[in-house]
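Asker: Take a look at the following structure, please.
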There are 4 protein chains.
Amino acid sequence: MILGLSDDITDDQKTHIRNTLLDMGCFVRETEDAEQSLICALGNNNLDVELLKSLTGVQTVTPIVTPFKLVSRQWHPADTLVPIGDVLVGGERIVIIAGPCAVESREQALTIAREVKRYGAVVFRGGAFKPRTSPYSFQGLEEEGLKILAEVRKQTGLPVVTEITSVAQADIMMKYVDAVQVGARNMQNFELLKCVGRMGKPVILKRGLAATIEEWLMSAEYIMSEGNDRIILCERGIRTFEPYTRNTLDLSAIPVLKKTHPFAGADRSQPRHGYS
Amino acid sequence: MILGLSDDITDDQKTHIRNTLLDMGCFVRETEDAEQSLICALGNNNLDVELLKSLTGVQTVTPIVTPFKLVSRQWHPADTLVPIGDVLVGGERIVIIAGPCAVESREQALTIAREVKRYGAVVFRGGAFKPRTSPYSFQGLEEEGLKILAEVRKQTGLPVVTEITSVAQADIMMKYVDAVQVGARNMQNFELLKCVGRMGKPVILKRGLAATIEEWLMSAEYIMSEGNDRIILCERGIRTFEPYTRNTLDLSAIPVLKKTHPFAGADRSQPRHGYS
Amino acid sequence: MILGLSDDITDDQKTHIRNTLLDMGCFVRETEDAEQSLICALGNNNLDVELLKSLTGVQTVTPIVTPFKLVSRQWHPADTLVPIGDVLVGGERIVIIAGPCAVESREQALTIAREVKRYGAVVFRGGAFKPRTSPYSFQGLEEEGLKILAEVRKQTGLPVVTEITSVAQADIMMKYVDAVQVGARNMQNFELLKCVGRMGKPVILKRGLAATIEEWLMSAEYIMSEGNDRIILCERGIRTFEPYTRNTLDLSAIPVLKKTHPFAGADRSQPRHGYS
Amino acid sequence: MILGLSDDITDDQKTHIRNTLLDMGCFVRETEDAEQSLICALGNNNLDVELLKSLTGVQTVTPIVTPFKLVSRQWHPADTLVPIGDVLVGGERIVIIAGPCAVESREQALTIAREVKRYGAVVFRGGAFKPRTSPYSFQGLEEEGLKILAEVRKQTGLPVVTEITSVAQADIMMKYVDAVQVGARNMQNFELLKCVGRMGKPVILKRGLAATIEEWLMSAEYIMSEGNDRIILCERGIRTFEPYTRNTLDLSAIPVLKKTHPFAGADRSQPRHGYS
């Protein structure tokens, strides 16, 4: 439920509204939209709209029609710009993030980083903790790999991003990298989502192999509900019956997301919650 | 199996080769490739390569490595240009085919045709025989609809295409339209495929809802095996678990097809049979 | 829309009701249910219920809530028994239908038929017209195969069933076999469905590779709308991402169908239209 | 690679073999099979078979043909019995595990536990940590829920199982429950798999929504590679296009698994590695 507040609301009135919502068992979020102060009340589906409308300082009460709330354009109509280091994702510019699957050595990482930079990449990515199907495959250089990533940034000026696979890696991730990536297999690892929500770093959230668009946005909601709205959604292909290609890129997901989630580049002329 | 013939082969030698292959139970096709005369022998997987090589006039004997044969770039390396009326599909130009789902009346069809022409469409399409999920839905104007399509062509100059749903419609299709379309639900209706193969008209072959790329090309092979190589493959989305979109466009199928099937516009710089 | 008629309705009143519905553009079907005469009006979604209720002889007017109408248990609450020769499908007895993929010779068919009969099969099946992915694969013995099937029936006493792949085969199918089978690839070949609807023979309708249960029942509706209610639904596995098995048997479809479609063996104690 | 050892091998010889394999970068596992001592060398795909054969005490050297190794019947041909409390899973008896989705209160859990026990359940399950699609949904009673589960076991005698969603829960899980469950969404949360591998408690490993059978077995391999072989595979349905049912139960996965993974009840008369 989104409460639009009147311009002349006092701090005391605002505190009273907030406390009333907390007493009703709600999660509460606030924002200063371009035109109006807003309060978002989440997690209670049985709010008494008439009661909320009667609170001093409340001008409008609007339900959020989608299961994802903070992620919806209703709550945040403007496009979102996510900074990774000094690179802004979501503006006019197409941002290319490139690098090897796994960081294997200082030399390998630096060589590739210089090469992808030459070809236009502006962010470097490389895996230090690798989620492998087999326990006997190379699992990554771990902290050593993160140090190499930091070295790459220093040498090339490229901000760096790497996959986080465990809550236990949060501290060293904070230390070495500019953004973290949540892999397809962990898209519904809710403990990890809450963790990256609390980290506050930009998050590249990859779509799960068999995740619907709605489930994907609900995973973004987990991150936002912990206070982190620097989310980049990464469509990386879904699993289908087709054996000739490894994954099936779901290109049509992009316009659906643009209507829904306020990441940058969205076509603002289109209706915003028009999917059904 | 592709037999490359020597430049100085005589007609008698060619006839002997052909008869030898027919005796072995093969289907036989011939072509004049840019550089060499070729004979394709199909339908017998146990050909004696040494025997074929020993035939006078045979220079090379090369197996076709894919299950689709005439459709493969091995048999026909050059890009294919398919003419619909005076519009060439497969060249540099992007061809837009547009029109209503069903032809409902002369006025509706003409109005839409003039409109889509204004926006750049160069071929008009509209359904006269509609394959409906429900038997109680409007099944199309049938021959009356085809007459309207012919009228649209006369009035607007746009060539017209419509869906064929039954072998029984072949004669009137020949009379009224410039190209026929085989719908997703009929992609493996082999009787219909053979029929459009014999008709010789350009065919737009839509991919089945759950058809693999290989099955799709095998359906094209059915059409080509009857002598018709004017085939346009139409990727129209496959069925997946995602409910927000009606179908999932499989964009990655396009480069796979370009390597495989010689439709026009294929990137000739790429390896041709590189999928596995 | 189902109209329940009063017990003392006259023939003239019934004719008047029927004509009124036909004038409204409806398809009309009648049945003598255990307790009441019923008329089913199909194909017009905007019927005036009050007007229908006001017709003399009409007691009740009930909408059919599913997109499939004649197929629903609302129209035909009782279980359906489908006879193939003297074998009743849909009763207490589990009916085993067995035989080779393709009829290859008289001897092959007879040998297998005698063997499967020994192991409990009560209907023999074998393909005479084979829908093959490749045009160069064996396409079946065609009419010769049907004659062999008739011979099998004569020698073993087993009724015989074979796949129909084209409307053109209808006449010889009528002559030689006890039931026809519509293959997965032809489940939405509506011309063929209408044809088997008119043939009146028992039909084994296989589920399409990517057909939803609803689409499958709509295909059954096509057959019933032409007057043939001797339909056996065959769940043969759907297409998924799993490569270890050829198809994924959708076992859960069975209880869904039992609630919906009145084939025999349905659990009558369950709610009938309970899926959503 | 499986090394079969001779009956009269000395401890020193065994140590030498083991050290040789460790020097080659292998993970090493040992077992006393019914007939022979075996050493399994994992994680190095380029082992010198001739060198291994030449080691004193080595009788046979056999490659494991599947990507999953410890999980394969090659390594462990016998059926596996997994005890949950005093209930043996994998024997002749069908074991029913039942209970509510979430533990909501002491009274709710006890009431349901007594009821399901009356109907034949022998293990009780209930969620204390709930992986919810929405961050605003009830997330479970957490440790309080685990205490209630322990109380249920005390009152009813039923062993208890609950879902583990985070490595951080391992210690309290050890304290309160008899078995843990890894949910479908966490099937490839490799950190969690390693953790339950180290816990040693029986694990119910649910199949991921879009996991192939092979990926599922690779996840089991993760658990076994950490030393825990008390794994129960739970087929809970996969994600398909069908909207009438929530998931599509992949019944055919069961016989495939029985050939592969040595859980109890497997049909030993069947070929063991026969899938392809």
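Asker: Answer yes or no as to whether C:Pro67 is farther than 25 Å from C:Thr20 by Cβ, of a type outside the set (D, E, K, R), surrounded by fewer than 18 Cβ atoms within 10 Å (Cβ to Cβ) and in contact (Cβ under 8 Å) with a residue 12 or more places away in the chain.
Answerer: Judged against the criteria, C:Pro67 is not a match.
Asker: Also: Out of the stretch A:208-235, which residues are of a type in the set (Ser, Thr, Tyr) and touching a Pro at 6+ places or on another chain (Cβ under 6 Å)?
Answerer: A:Tyr222, A:Ser225
Asker: While we're looking at this one, here's another question. Could you grab me the full set of residues in the stretch B:70-98 that are buried (at least 16 other Cβ atoms within 10 Å of the Cβ), away from chain C (no Cβ under 14 Å) and touching a residue at least 40 places away in the same chain (Cβ under 8 Å)?
Answerer: B:Arg73, B:Gln74, B:His76, B:Asp79, B:Thr80, B:Val82, B:Ile84, B:Gly85, B:Val87, B:Val89, B:Gly90, B:Ile97 - these are the residues of the stretch B:70-98 that are buried (at least 16 other Cβ atoms within 10 Å of the Cβ), away from chain C (no Cβ under 14 Å) and touching a residue at least 40 places away in the same chain (Cβ under 8 Å).
Asker: Also, I was wondering about something else. What residue, among those in the stretch D:166-180 that are closer than 23 Å to A:Ile164 by Cα and either touching a Lys or Arg at 6+ places or on another chain (Cβ under 7 Å) or within 8 Å of chain A (Cβ to nearest Cβ) (or both), is surrounded by the most Cβ atoms within 10 Å (Cβ to Cβ)?
Answerer: Checked the stretch D:166-180; the qualifying residue surrounded by the most Cβ atoms within 10 Å (Cβ to Cβ) is D:Ser166.
Asker: Those residues that are within 12 Å of chain B (Cβ to nearest Cβ) and surrounded by fewer than 21 Cβ atoms within 10 Å (Cβ to Cβ), I need them from the stretch C:187-211; list them, please.
Answerer: Hit for the stretch C:187-211 is C:Lys194, nothing else.
Asker: While we're here: Would you confirm whether or not the stretch D:155-164 contains a residue that is modelled with pLDDT of 95 or more and closer than 30 Å to B:Arg246 by Cβ?
Answerer: Within the stretch D:155-164, not a single residue is modelled with pLDDT of 95 or more and closer than 30 Å to B:Arg246 by Cβ.
Asker: When you check D:Ala184 against the structure, is it away from chain A (no Cβ under 14 Å), small (Gly, Ala, Ser), buried (at least 19 other Cβ atoms within 10 Å of the Cβ) and out of contact with any Phe, Trp or Tyr (no Cβ under 9 Å at 6 or more places or on another chain), yes or no?
Answerer: The answer is no for D:Ala184.
Asker: Another question about this same structure. Exactly one condition in (1) more than 15 Å from C:Arg18 (Cα to Cα); (2) without any contact (Cβ under 8 Å) to a residue 24 or more places away in the chain is not met by C:Ser54; state its number.
Answerer: Evaluating C:Ser54 over (1) more than 15 Å from C:Arg18 (Cα to Cα); (2) without any contact (Cβ under 8 Å) to a residue 24 or more places away in the chain leaves (1) as the failure.
Asker: Right, another one. I need the full set of residues from the stretch B:129-163 which are more than 10 Å from every other protein chain (Cβ to nearest Cβ) and within 26 Å of B:Phe190 (Cα to Cα), in order please.
Answerer: B:Gly140, B:Leu141, B:Glu142, B:Glu143, B:Gly145, B:Leu146, B:Val160, B:Val161, B:Thr162, B:Glu163
Asker: Considering only residues that are farther than 21 Å from D:Lys130 by Cα and assigned to a strand (DSSP E or B), which ones fall in the stretch D:85-109?
Answerer: D:Val87, D:Leu88, D:Val89
Asker: In addition: Could we say that D:Thr20 is within 30 Å of D:Arg153 (Cβ to Cβ) and either surrounded by fewer than 18 Cβ atoms within 10 Å (Cβ to Cβ) or away from chain A (no Cβ under 14 Å) (or both) here?
Answerer: no
Asker: Quick check: anything in the stretch A:137-153 surrounded by fewer than 22 Cβ atoms within 10 Å (Cβ to Cβ), assigned to a helix (DSSP H, G or I), free of Cβ contacts under 8 Å to residues at least 24 places away in the same chain and more than 24 Å from the chain's Cα centre (by Cα)?
Answerer: The answer is yes; a qualifying residue exists.
Asker: Here is a follow-up. Six or more apart or on different chains, Cβ atoms under 6 Å: show the pairs whose first residue is in the stretch B:228-249 and over 22 Å from D:Asn247 (Cβ atoms) and whose second is β-branched (Val, Ile, Thr).
Answerer: So the pair list comes out as B:Arg230/B:Val82; B:Ile231/B:Val203; B:Ile231/B:Ile223; B:Ile232/B:Val82; B:Ile232/B:Val89; B:Ile232/B:Ile204; B:Cys234/B:Ile204; B:Gly237/B:Thr248.
Each row is one residue, and each column tells you yes or no for (1) acidic (Asp, Glu); (2) under 18 Å from the mean Cα position of the chain (by Cα); (3) not in a helix (DSSP H, G or I).
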| site | (1), (2), (3) |
| --- | --- |
| D:Gln59 | no, no, yes |
| D:Pro67 | no, yes, yes |
| D:Ile112 | no, no, no |
| D:Gly120 | no, no, yes |
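Asker: Another question, if that's okay. For the stretch B:26-49, which positions are within 14 Å of another protein chain (Cβ to nearest Cβ) and more than 18 Å from B:Gly227 (Cα to Cα)?
Answerer: Those that are within 14 Å of another protein chain (Cβ to nearest Cβ) and more than 18 Å from B:Gly227 (Cα to Cα): B:Asn44, B:Asn45, B:Asn46, B:Leu47.
Asker: Filtering the stretch A:238-262 down to residues that are surrounded by 18 or more Cβ atoms within 10 Å (Cβ to Cβ) and within 14 Å of chain D (Cβ to nearest Cβ), which residue is farthest from D:Gln139 (Cα to Cα)?
Answerer: Of everything passing the filter in the stretch A:238-262, A:Glu242 is farthest from D:Gln139 (Cα to Cα).
Asker: For the stretch D:16-37, which residues satisfy the criterion of being part of a strand (DSSP E or B) and more than 21 Å from the chain's Cα centre (by Cα)?
Answerer: Residue satisfying the conditions is D:Ser37 alone.
Asker: Taking the condition surrounded by 16 or more Cβ atoms within 10 Å (Cβ to Cβ), over 28 Å from B:Phe27 (Cα atoms), among the β-branched types (Val, Ile, Thr) and in contact (Cβ under 8 Å) with a residue 60 or more places away in the chain, does C:Val161 pass?
Answerer: Yes; evaluated as a whole, the condition is true for this residue.
The values are calculated or read from the model by the stated rules, or taken from the named source; none is laboratory data. Bear in mind that the values here come from a model prediction, so they are computed numbers and not experimental data. Cβ coordinates were reconstructed from backbone atoms using ideal geometry, including for glycine residues, and neighbour counts include every protein chain displayed.
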